[in-house]
Amino acid sequence: MNTTVRNIFGVAAAILVLLGFNLATDSSSVSFNTAENDKVKSAESRSVNTLQDFNDAIVDIAEKTNPSVVTITTKRTEEVRVINPFAQFFGNPRDQGETRERTQRGLGSGVIVSEEGYILTNNHVIAETDEITVRMFNGNEVKAELVGTDPQTDIAVLKVEVNDLPAVNMGDSDNLKVGSFVLAIGSPLDESLAHTVSFGIVSARGRSLNNLTAYGDYIQTDAAINPGNSGGALIDVNGNLVGINSAIASRSGGNDGIGFAIPVNLAKRIMTDLIEDGEVSRGYLGMYTGGEVDQTMARALGLDNIRGVIVGRVEEGGPADKAGLQQQDVIVSLNGEQIRNWDAFRTEIASKKPGDKIELGLIRDGDEIELTVTLGERPEGEVAAADPAQMESMQERLGFTVTGLDGSLRDQLQLDSDTEGVVVRSISEGSTAYERGLRRGDVITRVKRIEVSSSSEFYDEVEKAIDAGDEVLLLTVLRNDIEQFIAFEL
């Protein structure tokens, strides 16, 4: 081997040491894919002497975690009205056409997280579907039961009745660092491409995707993620699940090297609530932001280059108020950790349970203050919920669902605190409402010019319109601070 080649391997070996892999002086100590070792070795226990050893380590991780990833196919059947475009010229101009059935199919991925058959995936993979089928690594297909969903974090939990499933090890996403090697596993674009493995690094932490979810602290990665990868696994070099792949940022609609995954710690928290309680409980602080502190804001406030969030308003009688939090306080830390931004702060609060205690570090009038806050439950009146049976019936009729406005959503959508209405939570692209321009994230303030302030009020007004025999529904919609009118056929 000449000097140039030796130098290349020397540099590579030094890099591998920095990445946490141990160099062996005896290559015979390297062993992969042995029958007695069915689990992935941690990075610390791997012996790496050459680039081939490093390659074998990545292969080992892929081979042993791939069976834990499944392909999810969905099917939804709906009735659509087909209108003859020539009826007004050559037939009855009042001809309303005929009703036909249309089947919509979807594709996504999921991760087996327990031998009992629980599978983590994205809510948007299985939303508005009639039938969910899971295809295992060995090709077997089985129907899946929907355990529960949480649209605000885009997490869904499925259950299959199959024994001795190859469950993935759950990691700790809090320990994941920018620059860490990761593998993305899923079914991009087509069923024939199931169990595709791509390799990359963690590009960033703490990304917010407010156009997709109310809460999120996303992991950004350059490991190739495409449509169909949603719900798939993000795996670290220890073979542990650290994220659920969820979204991409793309100008082309395909992989541009910017993908996002939900941290597994958040996914575990949501999954536990859905399995044990059937719903997600979130910690409630009872405050609204007055802005974020950057270098310019810190100078304006006379602070020493501090980052944090400014308290804009404190709910009277809420947990923050009881603990002594005041308007214009600057929150700089949560449980001893510096606050990056408002989205990360509110997501961390939402990841706690009612009754949990948190420590807030504040700057008030130049003084440093520590507050202990016991988180509460969000007041029931703040987000009125519709009856589940009524909501499901209306969803089939309208092709979309709504949720009530709360303080967090108002902040996210940059609405005034006194704005009333409901937010479009999900919408089918095949619905007449979508064709007429309604979109996810739109704020509906009136139904037939009657104001609505909760999801139950919205569905009640829609039901009244249907009972009255209305064929067209008029909505007043607030989008980008502009009021618009959208009318669609029921």
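Could you list, in sequence order, the residues of the stretch 58-75 that are part of a helix (DSSP H, G or I), of a type outside the set (S, T, N, Q) and either within 20 Å of the chain's Cα centre (by Cα) or surrounded by fewer than 24 Cβ atoms within 10 Å (Cβ to Cβ) (or both)?
Scanning the stretch 58-75 gives 58, 59, 60, 62, 63, 64, 67.
Where residues in the stretch 206-230 are at pLDDT 85 or above and not small (Gly, Ala, Ser), which of them is most open to solvent (accessible area, probe 1.4 Å)?
Per the stated criteria, the residue is 222.
Checking residue 482 against (1) aliphatic (A, V, I, L, M); (2) surrounded by fewer than 19 Cβ atoms within 10 Å (Cβ to Cβ); (3) in contact with a Phe, Trp or Tyr (Cβ under 7 Å, 6 or more places away or on another chain): exactly one of these is not met. Which one?
Status for residue 482: all satisfied but (3).
Pairs only if they're at least six apart or on different chains, beta carbon under 8 angstrom, first in the stretch 465-488 and outside any helix (DSSP H, G or I), second of a type in the set (Phe, Trp, Tyr) and loosely packed, with under 14 Cβ neighbours inside 10 Å; list them, first residue then second.
Filtered contacts from the stretch 465-488: 474/485; 475/485; 476/485; 477/485.
Looking only at the stretch 156-178, filter to residues that are outside any loop (DSSP other than H, G, I, E, B) and touching a Ser or Thr at 6+ places or on another chain (Cβ under 7 Å); which one of those is nearest to residue 263 (Cα to Cα)?
In this case the residue turns out to be 156.
Can you confirm whether the stretch 333-347 contains a residue that is in contact (Cβ under 8 Å) with a residue 12 or more places away in the chain, assigned to a strand (DSSP E or B) and open to solvent by less than 70 Å² (accessible area, probe 1.4 Å)?
Yes, some residue in the stretch 333-347 is in contact (Cβ under 8 Å) with a residue 12 or more places away in the chain, assigned to a strand (DSSP E or B) and open to solvent by less than 70 Å² (accessible area, probe 1.4 Å).
Report yes if some residue within the stretch 451-465 is at pLDDT 80 or above, surrounded by fewer than 19 Cβ atoms within 10 Å (Cβ to Cβ) and among the β-branched types (Val, Ile, Thr); otherwise report no.
No; the residues of the stretch 451-465 include none that is at pLDDT 80 or above, surrounded by fewer than 19 Cβ atoms within 10 Å (Cβ to Cβ) and among the β-branched types (Val, Ile, Thr).
Is the stretch 179-193 home to any residue that is farther than 21 Å from residue 269 by Cβ, open to solvent by 20 Å² or more (accessible area, probe 1.4 Å) and part of a strand (DSSP E or B)?
yes
Could you run through the stretch 103-134 and say how many residues are of a type outside the set (A, V, I, L, M), closer than 12 Å to residue 233 by Cβ and in contact with a helix residue (DSSP H, G or I) (Cβ under 9 Å, 6 or more places away or on another chain)?
Matching residues across the stretch 103-134 total 2.
Determine whether residue 100 is modelled with pLDDT under 90, assigned to a strand (DSSP E or B), among the basic types (Lys, Arg) and out of contact with any Gly (no Cβ under 6 Å at 6 or more places or on another chain).
Considered against the rule, which asks whether it is modelled with pLDDT under 90, assigned to a strand (DSSP E or B), among the basic types (Lys, Arg) and out of contact with any Gly (no Cβ under 6 Å at 6 or more places or on another chain), residue 100 comes out as yes.
Report, ordered by the first and then the second residue, all pairs with beta carbons closer than 7 Å, sequence separation of six or more or different chains, a first member in the stretch 120-134 that is within 15 Å of residue 228 (Cβ to Cβ) and in a helix (DSSP H, G or I), and a second member that is open to solvent by 40 Å² or more (accessible area, probe 1.4 Å) and of a type outside the set (S, T, N, Q).
Listed by first residue and then by second, the contacts come to 126/146.
Being open to solvent by less than 20 Å² (accessible area, probe 1.4 Å) and more than 23 Å from residue 213 (Cα to Cα) narrows it down to one of 168, 162, so name that one.
168 is the lone residue from the list that is open to solvent by less than 20 Å² (accessible area, probe 1.4 Å) and more than 23 Å from residue 213 (Cα to Cα).
From (1) part of a loop (DSSP other than H, G, I, E, B); (2) modelled with pLDDT of 85 or more; (3) within 29 Å of residue 322 (Cα to Cα), pick out the condition that doesn't hold for residue 238.
(3)
Could you list, in sequence order, the residues of the stretch 145-159 that are hydrophobic (A, V, I, L, M, F, W, C) and crowded, with 22+ Cβ neighbours inside 10 Å?
155, 156, 157, 158
Scan 48, 111 and give me the residue that is at pLDDT below 70, among the β-branched types (Val, Ile, Thr) and open to solvent by less than 80 Å² (accessible area, probe 1.4 Å).
48
With (1) hydroxyl-bearing (Ser, Thr, Tyr); (2) surrounded by 18 or more Cβ atoms within 10 Å (Cβ to Cβ); (3) in contact with a Lys or Arg (Cβ under 7 Å, 6 or more places away or on another chain) as the list, and residue 289 as the residue in question, which single condition is left unmet?
It fails just one condition, (3).
The values are calculated or read from the model by the stated rules, or taken from the named source; none is laboratory data. The model shown is predicted, which means the values in this text are computed figures rather than measured ones. Heads up, the Cβs are rebuilt from the backbone with ideal geometry, glycines too, and the neighbour counts pull from every protein chain shown. To get the accessible areas, we keep the full protein, side chains included, count just its heavy atoms, and leave off ligands, DNA and RNA. Shrake-Rupley method; radii C 1.70, N 1.55, O 1.52, S 1.80 Å.
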